[in-house]
Amino acid sequence: MSGLYGSSRVAIRDDLAKAHDRAWERIGRPGTWWDGAQRVAIAAETRHASACTPCRRRKEALSPAAIEGTHDSLGELSEVMVEVVHRVRNDPGRLSERWYRGVVAAGLSEEQYVEAVSVVAHIVAIDTMARGLGLDSLPLPRPQAGAPSRHRPVAAKSGGAWVPWLEPTDLSDAEADLYPTGRPAANIMKAMSLVPDEVRGFFDLVSHQYMPPLAMRDFSREYRAISHSQIELLAARVSALNQCLY
């Protein structure tokens, strides 16, 4: 079994354990808009956010705007970054475009926002699995040295999301591998395409936790220990509990 789950008493598929290893290593590497230390700080704040008292009170309120006060934070990130991490981690179902425009106006770039959302999503996915296995949270990776690449796709443009994205027809050679062939690119894949490496990384994780893109609609065979319909029943229930409108 791969390194992260060496102490698990539950057998973990080797491909899934290795995908989590790769994801953990990516978190500590310099990204496109955040360096390794910043990415690990975002990961640490994501974990810390789950115990934030103002977030809990806002979650219980009719509107998050009804509760004043600052987040309980580790103090490593800017105020606007703490706001993004905590809101995405704790109350994503009530985010709005107005809120998003506000964090951009406060100094966070669209590209930085997308990459931060990806890091938060990675941590939540992997920590949730560890908790389900009865394991302690995995130690965060050691930050690796280096500068962010700062690559912004030339053809990224406004579309059906708050952030600019890449349509399949606008991919350059550098992004040619971004979307699966043989089926339309889903909005959930295009959503992070302003930072292509985050699409690659996150869907490497998704393909092993869930199913590869082309397998999702291949009903001629079952790819997992449970069936397509059982997977979708679980997914729909979790989505409803998390207020995931998608």
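The values are calculated or read from the model by the stated rules, or taken from the named source; none is laboratory data. In this text the structure is predicted, and so the values were computed from the model without any measurement. Note that we place each Cβ from the backbone using ideal geometry, even for glycine, and neighbour counts take in every protein chain shown.
All told, Ala17 meets the bar of being in contact with a Ser or Thr (Cβ under 6 Å, 6 or more places away or on another chain) and assigned to a helix (DSSP H, G or I). In region 183-200, the residues that are without any contact (Cβ under 8 Å) to a residue 40 or more places away in the chain form Cβ pairs under 7 Å with partners that are surrounded by 21 or more Cβ atoms within 10 Å (Cβ to Cβ) and polar (S, T, N, Q), at six or more places apart or across chains, as follows: Val199/Ser193. Applying the criterion of being among the hydroxyl-bearing types (Ser, Thr, Tyr) and modelled with pLDDT under 95 to the residues of region 62-95, the residue that is farthest from Arg150 (Cα to Cα) is Ser63.
In region 208-217, is there at least one residue being out of contact with any Asp or Glu (no Cβ under 8 Å at 6 or more places or on another chain), in contact (Cβ under 8 Å) with a residue 40 or more places away in the chain, buried (at least 17 other Cβ atoms within 10 Å of the Cβ) and not hydrophobic (A, V, I, L, M, F, W, C)? Outline the logic, then answer.
In the first step, residues of region 208-217 are kept if they are out of contact with any Asp or Glu (no Cβ under 8 Å at 6 or more places or on another chain); the result is 209-217.
In the following step, the residues that additionally are in contact (Cβ under 8 Å) with a residue 40 or more places away in the chain were identified as 209.
Now narrow it down to the ones that are buried (at least 17 other Cβ atoms within 10 Å of the Cβ): none.
There is no residue in region 208-217 that is out of contact with any Asp or Glu (no Cβ under 8 Å at 6 or more places or on another chain), in contact (Cβ under 8 Å) with a residue 40 or more places away in the chain, buried (at least 17 other Cβ atoms within 10 Å of the Cβ) and not hydrophobic (A, V, I, L, M, F, W, C).
The set of residues from region 39-56 being touching a helix residue (DSSP H, G or I) at 6+ places or on another chain (Cβ under 9 Å) and either assigned to a loop (DSSP other than H, G, I, E, B) or basic (Lys, Arg) (or both) comprises Arg39, Arg47, Ser50, Cys52, Arg56. Considering only residues that are closer than 22 Å to Asp35 by Cα and of a type in the set (Val, Ile, Thr), look in region 130-174 and name the one that is modelled with the lowest pLDDT. Only one residue tops the list, namely Val154. A search for C-beta distances below 9 Å between a residue of region 99-118 that is free of Cβ contacts under 8 Å to residues at least 60 places away in the same chain and any residue that is of a type in the set (S, T, N, Q), counting only pairs 6+ apart in sequence or on different chains, returns Ala106/Ser78; Gly107/Ser78; Leu108/Ser78.
Of all the listed residues (Ser220, Ser193), the sole one being surrounded by 12 or more Cβ atoms within 10 Å (Cβ to Cβ), modelled with pLDDT of 90 or more, small (Gly, Ala, Ser) and not in a helix (DSSP H, G or I) is Ser193.
Among residues of region 20-38 being outside any helix (DSSP H, G or I) and in contact with a helix residue (DSSP H, G or I) (Cβ under 8 Å, 6 or more places away or on another chain), the one that is nearest to Asp127 (Cα to Cα) is Arg29. Could you check, for region 229-239, whether at least one of its residues is surrounded by fewer than 14 Cβ atoms within 10 Å (Cβ to Cβ), more than 22 Å from the chain's Cα centre (by Cα) and not acidic (Asp, Glu)? Yes, because at least one residue in region 229-239 is surrounded by fewer than 14 Cβ atoms within 10 Å (Cβ to Cβ), more than 22 Å from the chain's Cα centre (by Cα) and not acidic (Asp, Glu). With respect to the conditions (1) over 23 Å from His122 (Cα atoms); (2) surrounded by fewer than 16 Cβ atoms within 10 Å (Cβ to Cβ); (3) free of Cβ contacts under 8 Å to residues at least 24 places away in the same chain, Asp177 lacks only one, and its number is (1). Filtering region 49-76 to residues that are within 18 Å of the chain's Cα centre (by Cα) and surrounded by fewer than 20 Cβ atoms within 10 Å (Cβ to Cβ) leaves only Ser50. Out of (1) more than 23 Å from Gly36 (Cα to Cα); (2) in contact with a strand residue (DSSP E or B) (Cβ under 7 Å, 6 or more places away or on another chain), the odd one out for Ala191 is which? Checking Ala191 against (1) more than 23 Å from Gly36 (Cα to Cα); (2) in contact with a strand residue (DSSP E or B) (Cβ under 7 Å, 6 or more places away or on another chain), the one that fails is (1). When Ala23, Ala61, Ala44 are checked against the criterion of being out of contact with any strand residue (DSSP E or B) (no Cβ under 6 Å at 6 or more places or on another chain), of a type outside the set (Lys, Arg) and free of Cβ contacts under 8 Å to residues at least 40 places away in the same chain, Ala61 stands alone in meeting it.
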